[in-house]
Structures are given as structure tokens and as C-alpha cells.
Amino acid sequence: MNVKFSVIIPVYNKFPHLDRSIVSVLNQTNPDFELILIDDASTDGSSEKILEFDDPRIKILKRAEPGPGGYAARNLGIKHASHPWICFLDADDEWELNVLETLAEVIRNDAGVEILCWGWLNVKDNVKTLDAYSQKYKDKPIKQFTLTDFFNVPQPMWTGGISLKKELIDKAGGFPEHGFKRGGDMDTWIRCLYHSHKNLRITKPMTYYYLDSVNMVTNSTEKNIAFSFSDFVMQVLKNTNDKQLIKAIRYFQNRRIYTILRERVNEGKGIDYDLMFKMNTNLSFYYLILKLHVKRLLRHRAVQ
């Protein structure tokens with residue numbers, strides 16, 4: 001079976017890193033792919049740079065205005081994708097050269113898989129660190145996972161290390177183009193996992209996630225946890241009878257809120273508790289206690 005991929009790279013002001021990311025795709029040992037570059041209205045010379053790559057497998061699309069998180073750019077790439085399997089790579093990251101060859105082999109051996117993820121290496125100041133999921137399951141080369149596993153930690157999915165069927169992401173509604181400055185990819189994976197029947201995770205790291213690149217969304221101080229309490233997630237909570245899934249979602253939501261509370265305490269900022277409790281009125285007793293504890297810390301800081 002010949003497995004073909006559409007690789008989507010949104011490009012917004014990533015000029016210094018484009019050789020690294022694009023060449024890592026063009027030099028794949030499996031040549032059965034198209035590379036879709038979406039110029040998301042760059043202003044740093046990236047628009048001109050991507051035109052220098054001369055390869056018949058490249059398709060260049062342009063947008064008039066950049067969108068938060070590259071979500072609209074990815075949707076445009078999905079719309080124009082010609083092949084049944086979609087992959088994503090950010091313009092400042094890099095693949096190992098055997099990514100598509102490895103994926104194709106797994107897909108040929110398991111026709112039922114709809115989502116296929118793999119490990120990655122976090123890279124900062126030339127120091128490489130294996131992602132937490134791969135560390136935990138290092139003795140399992142391939143592991144099946146579910147939506148419940150996603151809501152627990154460590155999480156198996158990341159945008160730079162995922163391939164999925166085009167028909168699946170279309171069914172899930174693609175990436176959210178409104179309401180998310182961050183977290184839109186997480187929202188998308190939740191919806192995809194809900195509709196998917198089989199998901200596999202390759203433990204081997206095959207993507208380099210550079211944490212010291214220019215113009216990184218994750219360097220923003222904007223903290224968006226809306227995806228944890230989206231209408232879709234709340235509907236899943238309302239309609240499921242799966243106790244393990246309910247427990248995992250509640251844990252996921254509480255952990256997100258805890259992260260925000262902790263960061264704001266560290267920054268010496270106040271907390272909009274009304275907003276927190278509008279988002280989720282069913283927090284566990286433990287987190288009610290946490291709320292009071294954090295409030296006391298803030299009051300103590302104010303006195304000092």
C-alpha cells in the first residue's frame with residue numbers, strides 16, 4: 001500500500017529557521033508527499049524566502065492577514081491537501097529524515113489507525129530533552145492511547161509530532177479560527193480523539209522542538225485555558241457515562257486552573273475568581289481549598 005502525506009507548514013515571520021524546517025521535509029527518505037507552505041502575511045522576508053525553494057512537491061498558499069496561532073493557516077492547508085494523511089510542522093522546528101518512512105510502515109501494518117503520534121526532543125541552548133510521554137513509556141516502542149489518556153499526564157500529542165487522516169480532522173471541524181490565542185491545537189486534538197477509533201503513539205523522538213526560536217507563540221504571556229472548558233468538552237462531560245473519562249477531564253481542568261493560579265501568584269498579580277468559577281462550577285474540594293490558600297498568599301504579599 002502506497003501511503004501519501006500532505007505536510008502543512010504555516011509561515012509567519014520565521015525567516016532565520018526556514019531552511020532548517022523546510023529542508024528537513026524535502027529530504028525525507030519517503031518521497032510520497034506534498035509540502036504545503038502557507039505564507040501567513042509575513043513581514044520579515046519569509047514570503048520571499050519560501051519562493052527560493054524549487055521543488056515540484058511544494059505548494060505555496062498566501063493569506064492576507066496573519067491569524068493567531070497559525071490556526072487559520074493550517075485550515076487553509078487542510079482544505080488544499082491532496083493526500084489522505086495530514087502532518088503538521090512549525091516553521092521553526094525540524095524533522096528527522098525518516099519521519100514519513102516510519103509513519104508509512106506503521107500505517108501499512110495497521111489499517112485501522114486514524115491518529116499517529118511520535119516523540120520529540122525539546123531543544124534549548126543546544127541541550128536536548130526527551131518529551132515526558134516518551135520518557136515514561138520508553139520501554140514500549142508503540143503504544144495505543146485514548147481520549148482519556150490525553151486528559152491525563154503526560155500527554156501523548158503535540159502538533160509537531162502528529163499525523164492523522166484528513167477525513168478525521170475534517171469531521172472534527174479543523175482548527176478553531178476564533179476565540180483562541182493559544183490552546184487551539186489542544187482543542188482540535190480533543191475533538192479528533194473523540195471521533196477517532198484508534199490512535200497510536202511511537203515512542204521514538206523524530207521531531208526537534210526548538211524553544212529558543214524567534215517569534216514563538218509559546219513565549220507569549222497570554223494564558224488561554226478556554227479549551228479546557230470549551231462547549232465541546234462540557235458536552236462530553238454531560239453526555240458520557242465513562243467514569244474514568246470524567247475523572248480525567250476534571251483532573252485536566254483543575255490542573256490548568258492550578259497552573260494559572262500559581263503563575264499569577266508568582267507574578268504578584270490578582271486573580272479573577274469569578275471568571276474561574278464561571279468556567280467551571282464543579283471544582284473539587286481540594287481546589288476550593290487551593291483557592292483560599294492562594295488568596296491568603298496574595299493578601300500576605302499585599303501587606304508586605
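No value in this document is a laboratory result; all are computed from the given coordinates. All of these numbers come straight from a predicted model, not from anything done at the bench. When we count neighbours, we look across all protein chains shown, and the Cβ atoms used for this are built from the backbone with ideal geometry, even at glycine.
Listing for the model above:
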{"quantity": "Size of segment 1-157 as Cα extents on the principal axes (Å, biggest first)", "calculated": "45, 40, 27"}
{"quantity": "Cβ-derived FRET efficiency at R0 41 Å, GLU263 paired with MET1, nearest 0.05", "calculated": "0.30"}
{"quantity": "Scattering profile of segment 67-172 at q = 0.11 Å⁻¹ [log10 I(q)/I(0), Debye over alpha-carbon scatterers]", "calculated": "-0.39"}
{"quantity": "Label-point gap, in nm, between GLU177 and LEU51 - each point 7 angstrom along Cα→Cβ", "calculated": "2.5 nm"}
{"quantity": "Full-extension gain in nm, ASN239 to ILE142, via 0.36 nm per residue minus C-alpha separation", "calculated": "31.8 nm"}
{"quantity": "Antiparallel bridges, percent of DSSP beta bridges restricted to segment 5-215 (to nearest 5)", "calculated": "40 percent"}
{"quantity": "Pairwise centroid distance, computed over Cα atoms, of segment 235-264 with segment 152-168, Å", "calculated": "19 Å"}
{"quantity": "Gained length - ALA132 relative to ASP32, 0.36 nm times residue gap less alpha-carbon distance", "calculated": "32.9 nm"}
{"quantity": "Cross-link table LYS79/LYS166; LYS143/LYS198; LYS128/LYS181; LYS171/LYS198, entries beyond 19 Å C-alpha to C-alpha", "calculated": "LYS128/LYS181"}
